Each structure stands twice: as structure tokens, then as C-alpha cells.
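One structure is given below, encoded as C-alpha cells.
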Amino acid sequence: MEKIKTGIASYGLSGQVFHAPFIHAHPQFELAAVAERSRDLARARYPQARMVRRYDELLALDDLELIVVNTPDSTHYEYARRALEAGKHVIVEKPFTRTVSEGERLIALAERQGRMLGVYQNRRWDADYLTVKEILEKGLVGQAVEFESTLARYRNYIQPGTWKELEGGLMYNLGSHLIDQSVALFGMPEAVFADIAILRRGGMVDDYFILHLLRSSGAPDVRITLKAGYLMCEPEPRFVLHGTEGSYVKYGVDRQEALLKNGALPEGADWGVEDETQWGWLHTGKDGRRKYPSRRGHYGEFYESVYRHLRQGVALPTDARSVLPVIRIIEAACESSRRAVVVRLTNT
């Protein structure tokens, strides 16, 4: 079967760490082209791929079937629109778009063009998230009543030379992951209450948020709290799950990102496998307190799902229509924080 010839719109951190290694490693994909404005990092690592300097040049390559839009947040709508109009299938980095309206227009365009439009919500394949999902599916804590999800960062200064300190903000950045995971586990909430703030001196975009998802329609009795910040030197638990029969608490984060940033390649049977020392604790009234084995994480499963969709017609788990509610919740969270009120969601 013909390989999926793929072009990457940028070779910054996202391209180097989250996309190129997995596209290159998948036997049904071909990393055919990379857009890199000034440097030649991609050329050195992937000499078989064509290198272009501008996004227009990437879109002009007729043999490309799939474009990965992994450029700054503010460009997602425009770049995805142009790729769809050029007849390409499209993957958009999270956050999908800045507004629900932009997302709806892209979804409609993809449907008219008969093209795939997916969102790179790679943390659906985190080891810790998959473990929480397994515990819920097996009913190991009984009926879930409380869920907390936190991504702790510590950077007490404004990092120079990065667009993420000038646009976007933590709510759109890490919030996209936490919200997506929560909705996948528990369904859409009916309302949100949020506090979003800039805590670092000199900051231009939000670097802290706490978000409460109220009366989740998928599990009405679950109280959901999502949190992230850049001034969390002492990490909080990554996940806390309480239920009628017990609790699960997990510290530490999935190690794939750190490995990729250090140059590791996503290969081998132990990729994404957590050491036993990193496993979370499951405590139930029936069996007491014990370490619970973490599931294997693997971001490569995202591209496997894209392959199955494009070549076998299997539904894409992170298609744009299913991810659009994440942006709806972020918009509501921003309004909630601005007005200090609970915001009810519509069209959920």
C-alpha cells in the first residue's frame, strides 16, 4: 500500500520532538518534506526529505498527501485552511484553533473538500492517562466521585526567544491537554468555573490556571479539577482519582517528552514503559494500598490511528469535530475567569 507522504510545516521543538520522529519511524508514512525557515537541522537528520523555506512551497508539492500544521497557535486556522484548500489531509497541533468559530469553519471546509482534519492530542497516549482510563474501565475504585489532573512546571522567569511567552498562554497550551483527557474520560461538562492568571513578573500571557468542570454529563457525580502553572517547584500529584471503593494517586509525568527532547528515538519494546518506582498507588478498602502497574504509553499510536483512518477507513479518535469541545471549554473558562462567574456551556 502506498505510503502516506507527509510534510511538516515547521521544524521547531514540535517538529523535532513530537512529529518527525514518529512519522519517520512508522513504516506506512514517508517524511517527504519539511519547512524550515532558516536553519538546516531537518536536512541533517532526515536527508531523504525535501527541505523548503516557506509554507507556500510546502503546499505546492503535489505528491504530499498530509500536512502537519505545527506552527504558532495564531497561525493554525489560516495554515489549516490553506492546506485543506490545496487538497491535503491535515493534522493541526493543539490547540486546534483559537475560537470555536474558526474550528467550525475548518470542519465545514474539510467536509466539503473530502479531507481528513485531525488534532494532535498526543497525551491521549500518555502512560499515566491510559492507566487512569484502565482503572475507570475496570471499576477498581468503584464509582468515580473526584478527579484532579495537574501539570506542574517550574520556570520562574520569562524565557526569551519563544513565541509561547508572547501569545497563547497556559490555558490554551497545557489546558488543551488536560481538558481533552477529561472530556475523553467523563464527557462534556455543563458549566465551568475558572481562575486564569499571570503570576510571573513581566509575563505577557497567562502562566497559571485552575479550572473546575461542573456536572459532567458523562458522569454526573464526578467533581473535576484541572490545574497547571509555571511556579510549581514542588510537584503536585499528576492524577488523583477518588471513588466509592478507593483511590488512585499518581506522581510524575509520562517520560516520553523528556526522552524525545534528549534525542531518544521512539523504538524498542521498552519505549513508553514506566519503571516500577514511578507507578501510582491504588488504595481500596478491599485490597489495601499497593503499587498499580502503569500502562505503556506511546505517542506513535497517534500516527497509527491516522494511518488506519486514511488507509482502512477506521474512525479517527482525535478528529477535529470531536476535539472542538476543548476549544468551547477554553472560551468558557476565559469568560469565567474574566467575569468571576460560573459559565454554562451551550451546544455541548
| request: Return one number: the angle in degrees, 0 to 90 and rounded to the nearest 10, between the long axis of the Cα atoms of helix 300-312 and the longest principal axis of the Cα atoms of the chain. | output: 60
| task | Set Lys and Arg Cβ to +1 and Asp and Glu Cβ to -1, take the dipole of region 1-145 about its Cα centre, and tell me which of Ile135, Tyr11, Gln121 lies farthest positive. | result | Tyr11
| query | Could you give the nm distance between label points at Ser74 and Arg153, where each point is 7 Å from its Cα heading toward the beta carbon? | reply | 1.8
| said: Quick query: amide H of Glu274 versus all other amide H atoms, modeled in the peptide plane; which residues come in under 5 Å with a sequence gap of 5 or more or a different chain? | reply: Gly297
| request: Could you look at the chain and say what percent of its accessible area is carbon and sulfur, using a 1.4 Å probe and all protein chains? | output: 48
| request: Take every DSSP beta bridge whose two residues both sit in region 104-228, then give the antiparallel share in percent to the nearest 5. | output: 65
| request: Please list the non-local residues whose amide H lies under 5 Å from the amide H of Phe29, H modeled 1.01 Å from N, same-chain partners needing a gap of 5 or more. | output: Ile4
| Residue-by-residue Karplus 3J(HN,Hα) for region 319-335, coefficients 6.51, -1.76, 1.60, Hz, glycine and proline x | 5, 4, 5, 6, 8, 3, x, 4, 5, 4, 5, 4, 4, 5, 5, 5, 5
| request: Please say if region 114-159 is rounded, prolate or oblate, where rounded means a/c under 1.5 for a ≥ b ≥ c the square roots of the C-alpha gyration tensor eigenvalues, and otherwise the choice is prolate for a/b larger than b/c and oblate otherwise? | output: oblate
| Relative to the Cα centre, what is the charge dipole magnitude of the chain, using +1 at the beta carbon of each Lys and Arg, -1 at the beta carbon of each Asp and Glu, and rounding to the nearest 20 debye? | 260
| request: Classify region 6-95 as rounded, prolate or oblate, taking a ≥ b ≥ c as the square roots of the eigenvalues of its Cα gyration tensor: rounded when a/c is under 1.5, otherwise prolate if a/b is larger than b/c and oblate if not. | output: rounded
| Each residue of region 32-38 in order: what ³J(HN,Hα) in whole Hz does its phi give by Karplus 6.51 cos²θ - 1.76 cosθ + 1.60, θ = phi - 60°, with x for Gly and Pro? | 8, 7, 9, 9, 9, 4, 9
| In terms of the Cα gyration tensor, with a ≥ b ≥ c the square roots of its eigenvalues, is region 47-183 rounded because a/c is under 1.5, prolate because a/b exceeds b/c, or oblate? | prolate
| field | Pairwise centroid distance, computed over Cα atoms, of region 55-85 with region 1-54, Å | value | 13
| query | Where the centre of each part is set by its Cα atoms, how far does region 282-329 sit from region 144-177, in angstrom? | reply | 21
| Using Cα pairs under 8 angstrom and six or more residues apart, how large is the relative contact order of region 91-223, in percent? | 22
| remark: Relative contact order of the chain (C-alpha contacts under 8 Å, at least 6 apart) in percent is 19
| query | Where only protein heavy atoms count, and the probe is 1.4 Å, what is the accessible area per residue for the chain in Å²? | reply | 45
| Karplus couplings for region 266-273 from phi (6.51 cos²θ - 1.76 cosθ + 1.60, θ = phi - 60°), rounded to Hz, Gly and Pro as x? | x, 9, x, 5, 9, 4, x, 8
| note | region 282-348: relative contact order from alpha carbon pairs under 8 Å, six or more residues apart, as a whole percent, is 15
| message | Counting each pair of different Cα atoms once, what's the Kirkwood radius of the chain in Å, rounded to one decimal? | response | 21.0
| note | For the chain, longest principal axis from Cα atoms; helix 100-113 axis from its Cα atoms; angle between them, nearest 10 degrees, is 50
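The values are calculated or read from the model by the stated rules, or taken from the named source; none is laboratory data. Only a predicted model underlies this, so the values are computations on that prediction, with no experimental measurement involved. Neighbour counts are summed over all protein chains in view; Cβ atoms, including those assigned to glycine, are modelled from backbone coordinates with ideal geometry. Ligands, DNA and RNA are stripped out before the accessible areas are found, and what is left, the full protein with its side chains, is counted by its heavy atoms. Shrake-Rupley method; radii C 1.70, N 1.55, O 1.52, S 1.80 Å.
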